[in-house]
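K.L.:
Quick one: this structure, given as structure tokens, is what I'll be asking you about.
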Amino acid sequence: MATYSTNEFKSGLKIMLDGDPYAIVDNEFVKPGKGQAFNRVRVRNLKTGRVIERTFKSGDTAEGADVVDVELQYLYNDGEYWHFMDQQNYEQLTADATAVGEAAKWLKEEAICQVTLWNGVPLSVAAPNFVIMTIVETDPGLRGDTSGGGGKPATLETGAVVRVPLFVQSGEVIKVDTRTGEYVSRVKE
Amino acid sequence: MTSAPPAWRPSADWGTLRLRADLLAQIRAFFATRRVLEVETPALSGAAITDPHLASFRTRYAGPGPRCGQFLYLHTSPEFPMKRLLAAGSGSIYQIARVFRDGEAGRRHNPEFTLLEWYRVGFDHHRLMDEATELVATLLAGRLPLAEAERLSYRELFERQLGLDPHRAAVAELAACARAREIPVPPGMPADETDPWLDLLLTHCIEPQLGRGRLTWVHDYPASQAALARLRPGDPPVGERFELYLGGVELLNGFHELGDAGEQRRRFEAENARRQALGLPSAPLDEALLAALESGLPDCAGAALGFDRLVMLAAGKASIQEVIAFPVEIA
């Protein structure tokens, strides 16, 4: 893997620190007029999501991390692993629960997901921003109540629970924003 | 598909660009009333700065003439030729110069920037701090309210902010201080040299606190950080260098100027040896400057003020890119 000088640092660059892959969040060059220059960077651990601060002497280098984002199709879950397929070459990849994380509850078979690979292995999985799912269970609620204030929990086919307006019923298909976990609209089949 | 046209508009707004012009005019008026002479010196020189922390841009001159085929360096400040003018009898002088420093870009750095540099014959560093306080107060009047300026030594600064003596603390004490303040210590910090540790503490802990609502002057630096300044004997001897901070921004650096040619040559050579140790190209010494010092530099103090940063403060802008029409990213 390439090494990068601090002069090549910019947000989004993936580097290795203490054996973990990180993405640079921001990078500030500081230098006393007559002294040692430093790069103060904030970096996000791509395994844990934690953001930490690091300082480099300007001109020093960091090893690049072999991290790429790919679009993979979700196939199935075998009880332990989530299986994905690269639609370009039909290669199959498996991701564990750590990598799938919160995305698990939004994964419907055949969905196209953005998967971050580190050294070719899934490091994290992002669900599609919007998913279309069937409600399997929700209280009947009151028909005709369209006031915005209320809402009730509804369980979706993947087990995810979202708040929906009172007029939405079991068996209906809805659109959900997975980034916020919020109901967007009903979908007419 | 057509690609987007390159960004061609200035990154600074018109109010800021007009303010730049106003401030330049005010600087010229300030020095005109004090009978300080405006001068111009070359940006290209056969000599370069030896300071290992400054990197000069280099270009090869195609000729014609005696310098044909030689490397020429873009100046990092106009200091050396201005001292030649002083030695030649100019009296007090100032210059508003575009200077160039490789490897410096960020919120407060552009590799090409504008320095106001001036020298006052017969002044020591304290008298020049007085004049610079007046100048900055004049330029910021009505734009940034300032309380009375404060002045403290490098030692007082570190004692006040970190409770340690920068002239005596060993690397272990500085490293412990950095860790106690949760500074992420960079890899490769030296075990036998304190200056990089002092710079780490200065940039991470101290500078952001300096010049809050007032001008903060720092003076009397460790001799190792003042290669062009006079040393004042003492325990330990200190370099008569001074710095001005405002709003956490380093705005000006100056010296009570060293006039001893032999001592200056030794310092240049020590810096070049340091460059070699760091794997940096050595810099050709400015023999014309050394000859000028040999013939006699009048007793003087000099200062260089980062004009773009002054505009940032006057305009209330957070980055240097907002006060330069075309910063390096779009130059």
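Laboratory data are not the source of any read-out in this text; all were calculated from the coordinates shown. Keep in mind it's a predicted model, so treat the numbers as computed, not measured. Please note: Cβ atoms are built from the backbone with ideal geometry, for glycine as well, and neighbour counts cover all protein chains shown.
K.L.:
What is the distance, in nm, between label points placed 7 Å from the Cα along the Cα-to-Cβ direction at B:Glu134 and at B:Arg168?
P.N.:
The modelled label-to-label distance comes out at 3.9 nm.
K.L.:
Starting from the alpha-carbon convex hull of chain B, give the projected area averaged over all orientations, in nm². Please report the intermediate quantities before stating the final value.
P.N.:
On the way: hull surface 81.8 nm².
For the Cα atoms of chain B, the hull's average projected area reads 20.5 nm².
K.L.:
While we're here: Computed on alpha carbon atoms, what radius of gyration and Dmax characterise region B:50-175, expressed in Å?
P.N.:
19.7, 59
K.L.:
Listing A:Asp18, A:Asp66, B:Asp308 from the residue with the fewest other Cβ atoms within 10 Å to the one with the most, what is the order? Working shown, then result.
P.N.:
Values: A:Asp18 7, A:Asp66 14, B:Asp308 22.
Least crowded to most crowded, the residues run A:Asp18, A:Asp66, B:Asp308.
K.L.:
In addition: What residues have an amide H closer than 5 Å to that of A:Phe130, excluding those fewer than 5 places away on the same chain, when H is modeled at 1.01 Å from N in the peptide plane?
P.N.:
A:Thr178
K.L.:
As a check on your grasp of the helix formula, calculate [θ] at 222 nm for chain B: sum -39500 (n - 2.57) over DSSP H runs of n ≥ 4, divide by the residue count, round to the nearest 500. Write down the numbers at each step before the final one.
P.N.:
On the way: 9 runs with 106 residues, N = 331.
The helix-only estimate for chain B comes to -10000 deg cm²/dmol at 222 nm.
K.L.:
While we're here: State the volume of the convex hull built on the alpha-carbon positions of region A:67-126, expressed per residue in Å³ and rounded to an integer.
P.N.:
Working: hull volume 4.2 nm³, N = 60.
Per-residue hull volume (Cα only) is 71 Å³.
K.L.:
Excluding the sites themselves, what is the longest stretch of chain B that contains no GluC sites (Glu not before Pro) in a DSSP loop with at most 13 other C-beta atoms within 10 Å? Before the final figure, lay out the partial values.
P.N.:
Details: sites that count: B:Glu40, B:Glu182, B:Glu193.
In short, B:41-181.
K.L.:
Another one. Please build a GNM for chain B, connecting alpha carbons under 10 Å apart, and tell me which residue among B:Ile96, B:Ile320, B:Ile206 fluctuates the most.
P.N.:
B:Ile206
K.L.:
Checking the table A:Lys10/A:Lys34; A:Lys10/B:Lys317; A:Lys47/A:Lys108; A:Lys10/A:Lys108; A:Lys47/A:Lys188 against a 28 Å threshold on Cα-Cα, which pairs fail?
P.N.:
Details: A:Lys10/A:Lys34 25 Å; A:Lys10/B:Lys317 22 Å; A:Lys47/A:Lys108 23 Å; A:Lys10/A:Lys108 35 Å; A:Lys47/A:Lys188 39 Å.
Over 28 Å apart, Cα to Cα: A:Lys10/A:Lys108; A:Lys47/A:Lys188.
K.L.:
Okay, moving on. Just check region B:189-252 against the gyration tensor rule for me: Cα atoms, a ≥ b ≥ c as the square roots of the eigenvalues, rounded for a/c under 1.5, and otherwise prolate or oblate depending on whether a/b exceeds b/c.
P.N.:
Details: a/c = 2.59, a/b = 1.26, b/c = 2.05.
The shape class here is oblate.
K.L.:
Whole-Å semi-axes of the protein assembly as shown's equivalent ellipsoid, largest first, each the root of 5 times a Cα gyration tensor eigenvalue?
P.N.:
On the way: eigenvalues 670, 137, 110 Å².
They are 58, 26, 23 Å, listed largest first.
K.L.:
Quick one: P(r) of region A:3-63 from all Cα-Cα pairs, 5 Å bins, percents rounded to integers, in order of increasing distance.
P.N.:
4, 20, 32, 24, 12, 6, 2, 0
K.L.:
If you count the DSSP beta bridges with both ends in the protein assembly as shown, what percent of them are antiparallel, to the nearest 5?
P.N.:
Details: 101 of 108 bridges.
Roughly 95 percent of the beta bridges in the protein assembly as shown run antiparallel, per DSSP.
K.L.:
Something else now. Could you give the radius of gyration (one decimal) and Dmax (whole number) of the Cα atoms in region B:222-281, in Å?
P.N.:
Rg and Dmax of region B:222-281, Cα atoms, are 13.6, 39 Å.
K.L.:
Then there is this: Rank B:Ala314, B:Ala137, B:Ala288 by mean-square fluctuation in a GNM of chain B with C-alpha springs under 10 angstrom and give only the top-ranked residue.
P.N.:
Result for chain B, Cα springs under 10 Å: B:Ala288 fluctuates most.
K.L.:
Applying the Karplus parametrisation 6.51 cos²θ - 1.76 cosθ + 1.60 with θ = phi - 60° to the phi angles of region A:109-118, what ³J(HN,Hα) value in whole Hz is obtained for each residue in order, glycine and proline being reported as x?
P.N.:
3, 6, 5, 8, 10, 8, 10, 8, 9, 10
K.L.:
Report the residues of region B:287-331 in range of a label on B:Asp13: point 7 Å along Cα→C-beta, backbone N strictly under 11 Å from it.
P.N.:
Within reach of a label on B:Asp13, which here means backbone N under 11 Å from a point 7 Å along Cα→Cβ, region B:287-331 contributes B:316-317.
K.L.:
Among the chymotrypsin sites (Phe, Trp or Tyr not before Pro) within region B:26-131, which fall in a DSSP loop and have no more than 15 other Cβ atoms within 10 Å of their own Cβ? Write down the numbers at each step before the final one.
P.N.:
Values: sites: B:Phe30, B:Phe31, B:Phe57, B:Tyr61, B:Phe71, B:Tyr73, B:Tyr94, B:Phe100, B:Phe113, B:Trp118, B:Tyr119, B:Phe123; in loops: B:Phe57, B:Tyr61, B:Phe123.
In loop regions of region B:26-131 (DSSP not H, G, I, E or B), the sparsely surrounded chymotrypsin sites (Phe, Trp or Tyr not before Pro) are B:Tyr61.
K.L.:
Run through region A:153-188 and list the GluC sites (Glu not before Pro) located in a DSSP loop whose Cβ has at most 14 other Cβ atoms within 10 Å.
P.N.:
Working: sites: A:Glu157, A:Glu172, A:Glu182; in loops: A:Glu157, A:Glu172.
For GluC sites (Glu not before Pro) across region A:153-188 that sit outside H, G, I, E and B with at most 14 neighbouring Cβ atoms in 10 Å, the list reads A:Glu157.
K.L.:
How far apart, in nm, are two points set 7 Å out from the Cα along the Cα-to-Cβ line at B:Arg266 and at A:Gln114?
P.N.:
With each label point 7 Å from Cα toward Cβ, the separation is 6.2 nm.
K.L.:
Sort A:His83, B:His256, B:His204 so that the residue with the fewest other Cβ atoms within 10 Å of its own Cβ comes first and the one with the most comes last.
P.N.:
A:His83, B:His204, B:His256
K.L.:
Under the Karplus relation 6.51 cos²θ - 1.76 cosθ + 1.60, θ = phi - 60°, what is the ordered set of whole-Hz ³J(HN,Hα) values for region B:66-78, x standing for Gly and Pro?
P.N.:
With coefficients 6.51, -1.76 and 1.60, one gets x, 8, 3, x, 8, 6, 10, 10, 6, 5, 8, 6, x Hz.
K.L.:
Could you please state, rounded to a whole Å, how far the C-alpha centre of region B:182-220 is from the C-alpha centre of region A:1-31?
P.N.:
Comparing the Cα centres of region B:182-220 and region A:1-31, I get a distance of 22 Å.
K.L.:
B:Asp299's amide H: which non-local residues (gap 5+, or another chain) put their own amide H closer than 5 Å, with H modeled 1.01 Å from N in plane and none for Pro or chain starts?
P.N.:
Sorted by chain and number, the residues that satisfy this are B:Gly122.
K.L.:
So, one more: If you take the beta carbon distance between B:Asp22 and B:Thr59 as r and set R0 to 30 Å, what does 1/(1 + (r/R0)^6) give as a FRET efficiency, to the nearest 0.05?
P.N.:
Working: r = 34 Å, r/R0 = 1.12.
Efficiency computed from Cβ-Cβ geometry: 0.35.
K.L.:
Something else now. Sort B:Cys300, B:Cys68 by Cβ crowding within 10 Å, fewest neighbours at the top. Write out the running numbers ahead of the final one.
P.N.:
Details: B:Cys300 22, B:Cys68 10.
So the ranking, lowest neighbour count to highest, is B:Cys68, B:Cys300.
K.L.:
Per 0.36 nm of contour for each residue apart, how much would the distance between A:Met85 and A:Phe130 grow if the chain were fully extended, relative to their Cα-Cα spacing? Before the final figure, lay out the partial values.
P.N.:
Values: separation 45, 0.36 × 45 = 16.20 nm, distance 2.00 nm.
Net length gain for the segment: 14.2 nm.
K.L.:
Among A:Asn77, A:Asn45, A:Asn89, whose mean-square fluctuation peaks in a Gaussian network model of chain A (Cα, cutoff 10 Å)?
P.N.:
Of the options given, A:Asn89 has the highest mean-square fluctuation.
K.L.:
Per residue and in Å³, how big is the convex hull formed by the alpha-carbon atoms of region B:173-279? Show your work: numbers first, answer last.
P.N.:
On the way: hull volume 13.9 nm³, N = 107.
About 130 Å³ per residue, rounded to a whole number.
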